[in-house]
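Worksheet: one structure, shown below.
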Amino acid sequence: MTSILRFLAFLLFLLLFLPFGLLHAAGGGKGRVIQSPTATPTTDTINQPLTSTALKISQRALFMRVIQARLFHNGNWTLGDSSQTPVTVARTIASLHPSFVTGLLRIADHGNLSHAEEEAFLTIRSAVQASSKACRFDVVLNAGDERSADLIVRHLRELTIRIHPDAWTFYVSPDATSVNPEVFEEGIAAAHAAGQMVGYDGPLSLVPEGIDYLVVRAWNMKVSKRQIDLLKASKHIPLIVEVPTTFGNQPPPEVSSYVNEFSPQDRAASLTALAENQNVWGYHFAYPVFYPLFPAKQVFDATKDPILMVTIRSLLARFN
């Protein structure tokens, strides 16, 4: 009798508890996967470039005609000619029918965006998009010296409320040897969550994961095909080739030569060489219309060089 009672008790145990165990093993019937007690979720942010679907435009179309202009640098208006205003600059850029305008604002490392910067950015973007509706605009900011991920995310959100850029280009000094990875991880994640692209302009040894485009500087006004090939094979994102500019207070020799020593024909020949190779080599050339900086707070105005502007318009028509 005792054995029979023990057997019946065992059967009762199975009927009461076995379905409950199976139900939990299946995720409580709610489609959830129950993690192993030993599993430890990662805290690292894993970023991926935005897709063409998210951007609502193909990468090829987005970077088809890249124009470079620097109107404010660390809060300072860069054009020395008093006749140049945001309205005249907008007219020039709009006439080139760009698909992407880079560098209008290089945000100061500390302090708020001025009303002049905000008004200039919005004025130019509105004028350009009146004729080139799909054109996108970035804002450049110094991410290399930032040490707080919370601060850069807050900065991005504050600036987005005021000017709503389509992209951020994270700048890192050419001589930097390290950065705070959390700044880039969280900054890129915050931008992507807002539907904004993130580019990187800095040492190629420090390129962060998840960026949408990469700036390659044409040191000595040249680029290496081998370097372009290696970057294309390893990064799989658009490459934007830009001419050198003044970083900090000391301009590189090639910038000084381009502005002060080159003849109009020399400048035109330099830009022609960079433009001619872009389709074959697989990069996008940023045509420097109000660029580069020389000296630190003043920009080279290509509209004052008729030969150069004719060349830029011709190159855009031929290759872009």
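No value in this document is a laboratory result; all are computed from the given coordinates. Predicted model, so just to flag it, every value in this text is computed and none were measured. Positions of Cβ are backbone-derived with ideal geometry, glycine not excepted, and every protein chain shown enters the neighbour counts.
Details
- Taking label points 7 Å from Cα along the Cα-to-Cβ direction, THR303 and ASN74 give a separation of 2.6 nm.
- Cα gyration tensor, region 57-124 - rounded (a/c under 1.5), prolate or oblate: oblate
- Of the beta bridges in the chain, as assigned by DSSP with both residues counted there, near 15 percent are antiparallel.
- The ranking of ILE161, ILE67, ILE237 from fewest to most other beta carbons within 10 Å of each one's beta carbon is ILE161, ILE237, ILE67.
- Contact order, relative form, for region 64-211: 21 percent (alpha carbon pairs under 8 Å, 6 or more residues apart, mean separation divided by residue count).
- Packing-based ranking of 76-83, 140-147 yields 140-147, 76-83, ordered from highest to lowest mean Cβ neighbour count within 10 Å.
- What the pair-distance distribution of region 223-310 shows, using all Cα-Cα distances binned every 5 Å from zero, is 3, 14, 22, 22, 17, 14, 7, 1 percent.
- For VAL289, the residues whose amide H sits under 5 Å from its own are GLN68, ignoring neighbours fewer than 5 places away on the same chain, with H placed 1.01 Å from N.
- If R0 is 25 Å, the Cβ-Cβ spacing of SER173 and GLU261 corresponds to a FRET efficiency of close to 0.45.
- Here's the picture: a label point sits 7 Å out from the Cα of LEU204 along the beta-carbon direction, and within region 159-193 the residues with their amide nitrogen under 19 Å of it are 170-179.
- Kirkwood Rh, Cα atoms: Rg over Rh of region 85-147: 1.03
- Relative packing of 50-60, 254-264, which averages over residues the other C-beta atoms within 10 Å, highest first: 254-264, 50-60
- Label-to-label distance, nm, for residues given as PHE319 and SER126 (7 Å Cα→Cβ offset): 3.5
- By the count of other C-beta atoms within 10 Å, a proxy for reagent exposure, ASP175, ASP166, ASP212 are ordered fewest to most as ASP175, ASP166, ASP212.
- A straight chain from ALA233 to GLU158 at 0.36 nm per residue would run longer than the Cα-Cα distance by 23.4 nm.
- Treating r as the C-beta distance of GLN250 and ASP81 and R0 as 22 Å, the FRET efficiency rounds to 0.35.
- Region 192-244, dipole about Cα centre (Lys/Arg Cβ +1, Asp/Glu Cβ -1), debye to the nearest 20: 280
- Entry note: the chain has Rg to Rh equal to 1.21, where both radii use alpha-carbon atoms and Rh is the Kirkwood radius.
- Considering only the Cα atoms of region 185-260, their convex hull presents on average a projected area of 6.1 nm².
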